[in-house]
1. With θ set to phi - 60°, apply the Karplus curve 6.51 cos²θ - 1.76 cosθ + 1.60 along region 204-217 and write out the HN-Hα couplings as whole Hz, x wherever there is a Gly or Pro.
2. What number, in percent, do you get for the relative contact order of the chain if the mean sequence gap of Cα pairs under 8 Å and at least 6 apart is divided by its residue count?
3. Which distance in nm do the two modelled labels at residue 187 and residue 172 give, with both placed 7 Å along the Cα-to-Cβ direction?
4. Mind pulling the angle between the C-alpha long axis of helix 244-280 and the longest principal axis of the chain? Nearest 10 degrees, somewhere in 0 to 90.
5. Suppose only helical runs count, i.e. DSSP H with n ≥ 4. What mean residue ellipticity at 222 nm does that imply for the chain under -39500 (n - 2.57) per run, divided by all residues and rounded to the nearest 500 deg cm²/dmol?
6. What is the list of residues in region 167-189 whose amide nitrogen lies under 19 Å from a point 7 angstrom out from the Cα of residue 214, following Cα to Cβ?
7. Could you tell me the center-to-center distance, by alpha carbons, between region 41-87 and region 174-198 in angstrom?
8. Considering only DSSP beta bridges where both residues belong to the chain, give the percentage that are antiparallel (nearest 5).
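Throughout, read-outs are computed from the coordinates displayed, never taken from laboratory work. Every value quoted in this text rests on a predicted model; they were computed, and no experiment measured them. Note: ideal-geometry Cβ built from the backbone for every residue, glycine included; neighbour counts use all protein chains shown.
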Amino acid sequence: MTDSGTDHTSVRQQDAEGHELRDRIDRFVRTRVIPREAVLDGGGPAAAQTLAELRGRAQAEGLWALPLPVELGGGGLGLRAYAATAEAEGASEHGPAALGSAPLLDVTMLARHGGPAVREAYLKALVAGEIRTCYAMTEPDVPGTDPFRTGTRAERGPDGGWIVTGRKWFTSGAAGADLVTVMARTHGGDGDREGLTLLLVPTASAGFRVVRELPVLGAGGQYEIELDRVRVPADHVLGEPGDALAIAGERLQLGRTLRCLRWLGQAQRAFDLMCERAATRSGSRGPLADQQLVQSHVFDALLALRTTRPLVHEAVALIDAGRDARTEVGLAKVAAARMLQQVTDSAIQIHGAAGLGPDTPLPGLFRTGRAARILDGPDELHITSVARRILRDHPRPGVAPEA
């Protein structure tokens, strides 16, 4: 028989450990990462050196790669346990990279679907931060919501490998990546639901080129890339040829949920700045905090935060349990993107002109929120997908339910 008293003690201990870990990560991001954001945003050698220093400090403090597998050099934290810390980590765009959790998506994908050669060559180096990866799916002039129209092609080479030709854009981090996962059509025709494959392409390969950077509302980090008959080894296919959509769907569910967690952290940061401004700033009519319109901004922002957080963690729980989370991820993604934009907009309003300038992170946070409503699936896609899924289970009278 289970000792319920022992169970309760264990749960309390785990909760205490979780709170302590979150506090440590929060302190690391606030005191070490955020003060260096200007340097990290600037890129170049100074940013690379600063990031290396932060990573070394994270390793020294036992905070490195917490959600990644222990056998690969990570902390082994499960998804639900990591979710409790991901908000604090994501308060800065640079937090995941500084703390070593940024490659979680790629490590998960390669560990599940990469062959022995790929796992041996890349996984430990990814976790150690020695190499970087990116993901290329969207193409110019092809709706990102319609992967069946993918124009990038991969054909068999004489050695059994693949020869890839095509162009991708809005590929995050492509300029500094060592590997790029490319969705390409290996068989079938334009619009076919079958025949799409994911290939892992070393960026040092002949024929690979970064065409240009694509600033998003003035911020860098997104790129257009070209592949001109790039040769890819046969063992660099993820899964089997034709498996791309299943693997991509799995990746997108986890990726969107991780981003939602980080948006919560960024929104909390904007909310804290708004409250600090309201509490310390006075005008001709007295403290801002005493004005009803300011109080309304605070209330609405807090309501948005508090109502979005459970949606995100519900999606986390379902993914962690291996269950279908498409509806919950769609709800969370739309709610979190809207919430970040709303909370940051209110914080800017309370700051006035100061909220538009370079002295606060608010313009960058607002930009992230606005871009989030388009990138990684626009609001309209998620709204339509979720609504159709729900309505399918509630057929109209006289209409037989779908099989």
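1. Listing the rounded values in order: 7, 5, 4, x, 8, 8, 7, 6, 6, 8, 10, x, 9, 6 Hz.
2. For the chain, the relative contact order is 12 percent.
3. For the pair residue 187/residue 172, the computed spacing is 3.3 nm.
4. Rounded to the nearest ten degrees, it is 20.
5. Computed ellipticity for the chain at 222 nm equals -17000 deg cm²/dmol.
6. 167-185
7. 29
8. So the antiparallel bridges in the chain amount to around 85 percent.
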